[in-house]
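Working notes, beginning with the structure itself.
The values are calculated or read from the model by the stated rules, or taken from the named source; none is laboratory data. Keep in mind it's a predicted model, so treat the numbers as computed, not measured. All Cβ positions, even for glycine, are placed from backbone atoms using ideal geometry, and neighbour counts span all protein chains on display.
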Amino acid sequence: MAKLTIPREEYMFPGHMGCLGCGGVLAMRYVLKALGKRTIVSVPACCWAIMSGIFPNSCLSVPMVNTAFETTGASVSGIRAALDALGIKDVNVLGWAGDGGTLDIGIQALSGAVERGHDIIYVCYDNEAYMNTGIQRSSGTPEGAWTTTTPVGKTKAWKKGPKKNMVEIMVAHKIPYTATAAISYPEDLIKKVTKAKNIYGPKYIHIFSPCPTGWRMPPGKSVEIARLAVQTCAFPLYEIENGVYNITKKPKKKPLKDYLQMQGRFRHLPEEEIQKMQKDVDREWEILLKKEEFTKSL
Amino acid sequence: MFKGYKDLPEVPMTWDTTFVNITGSWRTVKPVLDPEKCTKCYICWKFCPEVAIIIDEELKEVPKIDYDHCKGCAICANECPKKAIEMVVESMEE
Amino acid sequence: MVKSVITGNYASSYGAKLARAQVIAAYPITPQTSVVEKIAEFVAEGTMDTQYIKVESEHSAMAACITASQTGARTFTATSAHGLTLMHEMLIWASGARTPVVMTNINRAMAPPWSVWADHLDSVAQRDTGWIQYYCESNQEVLDTIITAYKVSESREIMLPSMLTLDAFYLSHTYETVDIPDQDKVDKFLPPFDPLYKFDVEDPHLFGSLSFPHQFYMEWRYQIALSMERARDKILEIDKEFESMFGRSHGGLLDLYRCDGAEVVLIAAGTMASTIREVVDQLRDEGEKVGLARLRVFRPFPAKEIRELAEKIDVLGVLDRSYSFGYGGAFFAEIGGALYNHPDKPVLKNYVVGIGGRDVTPNTVRGIFENALSLQDRGLDKEIEWIELKEGGE
Amino acid sequence: MIEIRFHGRGGQGAVTAANILAIAAFKEGKDVQAFPYFGVERRGAPVTAFTKIDDKPVRIKSQIYEPDYVVVLDSSLLKAVNVTQGLKNGGTVIINADKKPEDIKGVQGKIATVDATAIAVKHGLGSKEAPIVNTAILGAFAKATDVVKLESIVESIMDSAPAKKKENAEAAKEAYDNTLIGGR
């Protein structure tokens with residue numbers, strides 16, 4: 001008789017509007033298992049603003065507010081300030097936005113919020129494109145990917161340029177805690193969110209949240225693809241606490257091809273492009289190992 | 001529950017949970033769990049995005065699938081270490 | 001009660017302090033900066049207990065105020081011109097979420113070209129956002145209106161945000177005598193903020209989720225419309241209540257000056273009105289039957305009061321310190337609309353004046369009155385006239 | 001004016017079906033209009049789409065409340081949505097179902113059925129979990145009504161089907177041949 005490896009308590013009701021196999025739903029389910037009932041969630045325009053429920057239904061058992069697309073950082077600042085003004089203690093203030101809402105339109109408010117040092121947790125559930133509006137490219141879309149605004153065509157118009165590295169941008173803000181997580185490793189995810197919960201100040205957690213609809217793959221493969229992303233080092237799992245890097249999953253590296261070929265959004269890639277991407281992943285992984293080694297030695 | 005502006009809360013907010021949404025009607029294939037093969041590791045419960053796999057209090061029983069809400073995404077079938085869950089094409093029962 | 005000589009900006013900071021704003025989120029912009037600087041001083045000196053968020057933009061200022069209000073705190077902010085227009089999306093959000101935020105806006109011209117001087121386009125252009133709008137004439141009115149605005153906005157049957165505006169430099173940087181009321185007296189007048197709905201981990205709801213066309217979006221908008229109508233009487237009621245406690249009224253929605261027996265009246269908002277009062281007195285002494293109607297509240301629009309005034313006079317001159325391209329002044333358009341179905345209509349003329357902070361001197365006003373008076377017998381000459389416009393050409 | 005209302009779920013191609021039908025009618029010289037109504041662009045969530053066909057310009061810009069025909073791309077919707085609401089009497093309901101019309105309960109009006117799902121899967125349209133049934137159901141529509149000819153639908157498919165044009169055209173023809181039309 002196995003013991004559960006993650007908390008049993010649920011803060012999410014069935015019947016939400018998430019697509020089949022949605023990674024972003026699992027991300028929320030796990031984060032709330034770590035944060036618990038005393039949590040207020042601020043959600044901008046994104047998949048989560050819709051799937052959280054259409055009037056009059058909500059799919060969470062914690063208070064949640066929908067806000068304008070650019071405003072998550074500002075919205076959570078307002079909530080924390082009000083809680084402090086009203087003397088309401090031990091409530092987690094959670095900003096919850098997608099890659100577009102975090103890396104693009106919401107980056108200014110996020111930078112402002114963390115620079116001001118508000119006691120908030122900001123989670124970016126990253127499905128690597130504007131999925132709620134039907135899979136348009138964002139700065140979180142990985143190089144080489146098909147989206148409806150990088151439709152490949154005859155001119156190889158897939159997404160060019162590297163995925164914007166939001167984690168490093170947050171590290172540059174010198175906030176107390178930043179981490180990456182993935183829905184395929186809920187134990188690791190929950191451990192990191194719990195750690196963030198007990199640190200005062202701004203915390204940023206970037207959660208890899210596959211979108212079967214947008215990545216052109218069967219819904220049942222969401223968790224498996226998120227596992228492969230970590231095992232191929234396409235999406236490393238690590239945390240940075242006051243500038244010190246700590247890699248929480250050091251896999252026996254699998255070839256990037258295993259990860260790419262399961263997804264329709266990469267199916268068009270010629271061999272030499274895949275090789276180039278493999279080199280990029282290898283190089284980034286080496287840099288990360290060096291960062292860990294170096295910052296731990298200080 | 002609300003019929004018009006006279007009985008609506010003036011702040012646009014929700015009053016109920018999504019549990020009432022029968023999203024089970026979305027699926028075309030449904031997971032069927034074979035109790036013989038199930039080792040009650042509850043990995044299917046862990047990875048279900050619909051919170052539609054029900055486990056008992058003492059963690060002794062084979063998990064039950066809430067077909068009112070399961071969308072048939074097949075993550076559970078994909079993740080089950082014992083391949084105890086099979087995706088079956090939804091038959092046209094009434 | 002302390003009589004002192006302060007600027008309109010400081011009057012605004014004192015208003016926020018006396019109203020015990022609990023969360024302030026603001027971003028600096030000329031000519032509003034001394035509002036937020038003064039508040040920072042209060043906080044640093046420990047004389048104001050507030051959470052002051054120095055946001056990175058005005059858009060974030062309003063976003064933070066909205067969620068702070070939804071959490072249950074009384075919120076305040078201040079901005080001007082480009083800051084206000086950057087907030088436009090969030091202004092609509094604030095009324096849609098029924099968050100009674102109170103904001104000071106310094107009326108300033110929109111670029112390009114750059115101009116930091118008085119102009120009403122910034123706030124007039126926000127007339128459709130569901131915010132109650134007060135246009136102040138004096139620093140005293142600025143301070144008092146912040147306090148009364150909270151009481152109106154936070155009453156359960158209103159629950160709508162308010163902005164009060166003051167002209168750049170003519171008030172924001174102009175020192176005037178202002179009576180700063182005692183805190184305990186203001187506390188008696190203005191009860192703590194107690195919203196019916198707010199974030200509560202013991203009573204979770206989702207605020208602001210999607211509503212299908214066939215559901216209740218239209219009904220929520222109608223509720224806002226009803227609240228804005230109820231705000232007419234509420235503003236008058238609270239203006240009287242304030243007068244009984246503090247001995248001052250600022251004229252409710254339409255602040256009339258010597259309109260009894262007047263035949264020619266000018267309608268104007270902001271500091272121009274003070275100059276017009278001066279000229280009205282001079283012309284009255286010269287036997288001219290003139291008066292001033294100061295448009296104090298633009299939203300909700302005082303249509304009834306304007307109709308009651310209009311039926312008694314021959315000529316109504318509407319001074320607009322903004323202009324809606326392809327139409328005319330906004331006040332002129334709305335006043336004309338309000339009079340359309342009214343049986344007795346005066347001659348109605350639009351004087352576009354003081355754009356970009358151009359000075360509205362007593363002579364300017366006297367010239368307008370002379371033109372308006374001449375219309376009594378010869379009728380309307382020109383429907384819209386830009387006053388003291390540099391034509392050049394010869 | 002002929003009004004057709006489509007009921008489906010996100011990802012099944014209801015919106016494209018309405019468009020293809022409109023283009024088919026356009027090819028027969030008619031004036032047309034097609035538009036969707038959905039709040040949630042979600043795979044699986046109910047979607048409604050409308051096609052209007054007339055000899056003179058179609059001007060009304062509102063949903064269809066009294067359809068002449070209703071097309072149901074997913075029979076599981078019969079439980080969730082009152083698909084025949086406002087159906088004109090004598091109107092026909094075309095349903096994707098592996099059942100005979102007589103066995104369809106709870107739906108009034110003349111009924112036509114075809115197993116569009118099986119046809120779609122057979123022609124590799126969409127995936128097993130989420131087959132795209134729109135071109136097949138349009139074949140059934142051509143059979144069950146005299147609004148447009150099968151050839152126009154096939155031609156419209158060849159023009160505008162985003163992918164697998166030939167397979168989609170085959171699916172429409174196969175559905176046309178296998179459509180069962182009820183008596184009532």
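Yes/no matrix, rows are residues, columns are (1) within 30 Å of A:GLY53 (Cβ to Cβ); (2) buried (at least 17 other Cβ atoms within 10 Å of the Cβ); (3) out of contact with any His (no Cβ under 9 Å at 6 or more places or on another chain):
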| site | (1), (2), (3) |
| --- | --- |
| A:LYS89 | yes, no, yes |
| A:GLY101 | yes, yes, yes |
| A:ILE105 | yes, yes, yes |
| A:HIS118 | yes, yes, yes |
| A:ARG137 | yes, yes, yes |
| A:LYS160 | no, no, yes |
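Taking (1) assigned to a strand (DSSP E or B); (2) without any contact (Cβ under 8 Å) to a residue 60 or more places away in the chain; (3) under 30 Å from B:LYS30 (Cα atoms) in turn, A:ASN246 satisfies each apart from (3). All told, A:ILE79 falls short of being surrounded by fewer than 24 Cβ atoms within 10 Å (Cβ to Cβ), in a helix (DSSP H, G or I) and within 9 Å of chain C (Cβ to nearest Cβ).
So, in the stretch A:211-220, of the ones that are in contact with a Leu (Cβ under 9 Å, 6 or more places away or on another chain) and at pLDDT 95 or above, which residue ends up nearest to the other protein chains (Cβ to nearest Cβ)? Taking the candidates together, the pick is A:GLY220.
Kindly indicate whether B:CYS41 is at pLDDT 95 or above and away from chain D (no Cβ under 14 Å). Answer is yes for this residue. Please name all residue pairs, on different chains or six or more residues apart, with Cβ atoms under 8 Å, provided the first residue is in the stretch A:177-200 and is within 14 Å of another protein chain (Cβ to nearest Cβ) and under 21 Å from B:GLU50 (Cβ atoms) and the second residue is among the hydroxyl-bearing types (Ser, Thr, Tyr) and not in a loop (DSSP other than H, G, I, E, B). Within 8 Å, the pairs are A:ILE183/A:TYR30; A:ILE183/A:SER222; A:PRO186/A:TYR30; A:LEU189/A:TYR30; A:ILE190/A:TYR30. For the stretch D:113-138, a residue qualifies if it is among the small types (Gly, Ala, Ser) and surrounded by fewer than 23 Cβ atoms within 10 Å (Cβ to Cβ), and the qualifying residues are D:ALA118, D:GLY124, D:GLY126, D:SER127.
Residue selection: C:VAL152 satisfies the criterion of being assigned by TED's automatic domain parsing to the domain that holds C:ASP239 and in contact with a Lys or Arg (Cβ under 9 Å, 6 or more places away or on another chain). When C:THR145, C:THR177 are checked against the criterion of being more than 16 Å from C:ILE238 (Cβ to Cβ) and in contact (Cβ under 8 Å) with a residue 24 or more places away in the chain, a single residue qualifies: C:THR177. Restricting the stretch B:1-24 to residues that are closer than 27 Å to B:ALA84 by Cβ and surrounded by fewer than 20 Cβ atoms within 10 Å (Cβ to Cβ) leaves a set whose member that is farthest from the other protein chains (Cβ to nearest Cβ) is B:ILE22. Candidates D:LYS143, D:LYS166: the one that is out of contact with any helix residue (DSSP H, G or I) (no Cβ under 6 Å at 6 or more places or on another chain) and basic (Lys, Arg) is D:LYS166. Of all residues in the stretch C:12-35, those satisfying the criterion of being buried (at least 23 other Cβ atoms within 10 Å of the Cβ), of a type in the set (Ser, Thr, Tyr) and more than 14 Å from chain A (Cβ to nearest Cβ) are C:SER12, C:SER13, C:TYR14. Of the residues in the stretch A:23-30, at least one is crowded, with 24+ Cβ neighbours inside 10 Å and either within 14 Å of chain C (Cβ to nearest Cβ) or not in a helix (DSSP H, G or I) (or both).
For the stretch A:2-12, the criterion of a residue being touching a Cys at 6+ places or on another chain (Cβ under 8 Å) and within 10 Å of chain B (Cβ to nearest Cβ) is satisfied by at least one position. Only one of the listed residues (C:GLU56, C:GLU45) is free of Cβ contacts under 8 Å to residues at least 12 places away in the same chain, assigned by TED's automatic domain parsing to the domain that holds C:VAL152, acidic (Asp, Glu) and surrounded by fewer than 21 Cβ atoms within 10 Å (Cβ to Cβ). That residue is C:GLU45.
With the structure loaded, tell me whether C:ALA21 is within 27 Å of C:ARG108 (Cα to Cα) and either in contact with a helix residue (DSSP H, G or I) (Cβ under 8 Å, 6 or more places away or on another chain) or not aliphatic (A, V, I, L, M) (or both) or whether it fails that test.
no
C:ASP359 falls short on exactly one of the conditions (1) over 24 Å from the mean Cα position of the chain (by Cα); (2) not in a helix (DSSP H, G or I), and that condition is (1). Filtering the stretch A:30-77 down to residues that are under 22 Å from B:TRP15 (Cα atoms) and of a type in the set (Phe, Trp, Tyr), which residue is nearest to the chain's Cα centre (by Cα)? Step by step, filter the stretch A:30-77, then rank; the result is A:TRP48. Answer yes or no: is there a residue in the stretch A:6-17 that is touching a helix residue (DSSP H, G or I) at 6+ places or on another chain (Cβ under 7 Å), modelled with pLDDT of 95 or more and part of a helix (DSSP H, G or I). No, the stretch A:6-17 has no match at all.
If I ask for residues that are assigned to a loop (DSSP other than H, G, I, E, B) and either under 18 Å from the mean Cα position of the chain (by Cα) or within 19 Å of C:ALA149 (Cα to Cα) (or both), which ones from the stretch C:1-53 would you list? C:THR7, C:ALA19, C:ARG20, C:ALA21, C:GLN22, C:PRO31, C:GLN32, C:THR50 - these are the residues of the stretch C:1-53 that are assigned to a loop (DSSP other than H, G, I, E, B) and either under 18 Å from the mean Cα position of the chain (by Cα) or within 19 Å of C:ALA149 (Cα to Cα) (or both).
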